[in-house]
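Student: Here it is, the structure, as structure tokens.
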Amino acid sequence: MTGLLLAHAAATWAMVGLIWTIQVLHYPLFAAVGQADFAAYEATHTRRITALLAVPWGVEAATTLALAALVPPGTARMLAWAGVLLLGGIVAATVVLQVPLHRALSEGFAPPAHRRLLATNWLRTVLWTARGAVALALLVVMGAA
């Protein structure tokens, strides 16, 4: 169980770091790319960010579900299920909000879509930060810290 908890915490915190970097650095810089080059930039961004997050997000999802299934009843089980719910919120926000905005931006830079991307990504940033706290709490409660 310790290995599972550590893999979960590592993957979750990799995603926390990634989402904060995207939120405060990467997405704001979209406005500086320029209209002429933006569609190509967005396509490259989408391809590269997907490759970068695929492994940690996959590990995070798998370990989140495994922990929900394997931890004993009590505080740890409640934390594990809180993690599942938070991850579900992240997936929903990604599918419903972020993906359509990236599709719109793939046509070219549009300030309203960019502003909405920045504003709505705060939801994922907060949810992932909360997931990081849950991952740490699981380590403490399960005695792996």
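Rundown of residues vs (1) over 16 Å from Leu123 (Cα atoms); (2) of a type in the set (Ser, Thr, Tyr); (3) modelled with pLDDT under 95, yes/no style:
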position	(1), (2), (3)
Glu60	yes, no, no
Thr64	yes, yes, no
Leu87	no, no, no
Ala93	no, no, no
Leu97	no, no, no
Pro100	no, no, no
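Student: A further question on this structure: Residue pairs, Cβ under 6 Å, 6 or more apart or interchain, first in the range 71-98 and over 19 Å from His8 (Cα atoms), second part of a helix (DSSP H, G or I) and open to solvent by less than 80 Å² (accessible area, probe 1.4 Å). List them.
Tutor: Within 6 Å, the pairs are Ala93/Arg124; Leu97/Thr120.
Student: Return the only residue of Leu101, Leu6 being touching a helix residue (DSSP H, G or I) at 6+ places or on another chain (Cβ under 8 Å) and open to solvent by 40 Å² or more (accessible area, probe 1.4 Å).
Tutor: Working: Leu101 fails: open to solvent by 40 Å² or more (accessible area, probe 1.4 Å).
The conditions single out Leu6.
Student: Could you tell me which numbered condition Glu107 fails, if it satisfies all but one of (1) surrounded by fewer than 14 Cβ atoms within 10 Å (Cβ to Cβ); (2) part of a helix (DSSP H, G or I); (3) of a type in the set (Asp, Glu)?
Tutor: The number of the failed condition is (2).
Student: Give me the residue from the range 9-41 that is out of contact with any Asp or Glu (no Cβ under 9 Å at 6 or more places or on another chain) and of a type in the set (S, T, N, Q) and, out of that set, most open to solvent (accessible area, probe 1.4 Å).
Tutor: Gln35
The values are calculated or read from the model by the stated rules, or taken from the named source; none is laboratory data. Note that the structure is predicted; figures quoted are calculated from it, not measured. Every residue, glycine as well, gets a Cβ built from its backbone with ideal geometry; the counts of neighbours run over all protein chains shown. Each accessible area value is taken on the protein alone, full model and side chains, heavy atoms only, with ligands, DNA and RNA left out. Shrake-Rupley method; radii C 1.70, N 1.55, O 1.52, S 1.80 Å.
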